[in-house]
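Here is the structure we will look at.
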Amino acid sequence: MNQAIQDFTQCKRLAVVGVSRTDAKFGNSAYRELKQRGYDVVPIHPEMQTFDGDKCFSDFKALPDPVEAALISLPPAHVPDVLRQAAQADIRNVWLQQGAESPEAIQLGQELGLKLAHGGCILMYAGPVKGFHAFHGWVWKLIGRY
């Protein structure tokens, strides 16, 4: 496991950028699962007021208290702006969920000095890992990708 992944999973207060009104979106699943795993998660969406009964914030600047990390689950075209906003808010631990990654975003994250985790699913690493994600992690360890 690389250092960016280790650093990210040690953070306990996380912003989830990519919660949606569409329930089937991964950002929604990740938010709920991370909350169940004991993380203090904060939903970020530019137009929603609440998500799952929790106050939703329009961006990092709107947060009343800082977060340690940000999980980004957005289409790649939206990621560079969010990376810049994270850097401006002094959020250094950032996870680009599968599907949010692009070579441009990874390069920008490096240029901004972010600790950028990418290339895997957050739910395989943020403990306690169980069920399908534990099995998936075991397979990745077996083939040398974990």
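The values are calculated or read from the model by the stated rules, or taken from the named source; none is laboratory data. None of the values given here were measured: they were computed from a predicted structure. Every residue, glycine as well, gets a Cβ built from its backbone with ideal geometry; the counts of neighbours run over all protein chains shown.
Identify the residue in the stretch 86-109 that is polar (S, T, N, Q) and in contact with a strand residue (DSSP E or B) (Cβ under 9 Å, 6 or more places away or on another chain) and, among all such residues, is farthest from VAL42 (Cα to Cα).
SER102
Looking at this structure, is GLU68 surrounded by 15 or more Cβ atoms within 10 Å (Cβ to Cβ), closer than 20 Å to GLY120 by Cα and modelled with pLDDT of 95 or more?
Spelling it out, GLU68 is indeed surrounded by 15 or more Cβ atoms within 10 Å (Cβ to Cβ), closer than 20 Å to GLY120 by Cα and modelled with pLDDT of 95 or more.
Applying the selection to the stretch 84-96, what residues are farther than 16 Å from CYS11 by Cα and either touching a residue at least 60 places away in the same chain (Cβ under 8 Å) or not hydrophobic (A, V, I, L, M, F, W, C) (or both)?
ARG84, GLN85, GLN88
Tell me whether the stretch 30-47 contains one or more residues that are under 12 Å from the mean Cα position of the chain (by Cα), of a type in the set (Gly, Ala, Ser) and at pLDDT below 95.
yes
Tally time: how many residues in the stretch 57-83 are in contact with a helix residue (DSSP H, G or I) (Cβ under 7 Å, 6 or more places away or on another chain) and free of Cβ contacts under 8 Å to residues at least 40 places away in the same chain?
Result for the stretch 57-83: 5.
Could you tell me which of the residues PHE51, PHE26, PHE57 is of a type in the set (Phe, Trp, Tyr) and within 18 Å of ALA117 (Cβ to Cβ)?
Checking each option against the conditions leaves just PHE26.
Give me the residue from the stretch 109-122 that is in a helix (DSSP H, G or I) and buried (at least 18 other Cβ atoms within 10 Å of the Cβ) and, out of that set, modelled with the highest pLDDT.
Selected residue: GLY109.
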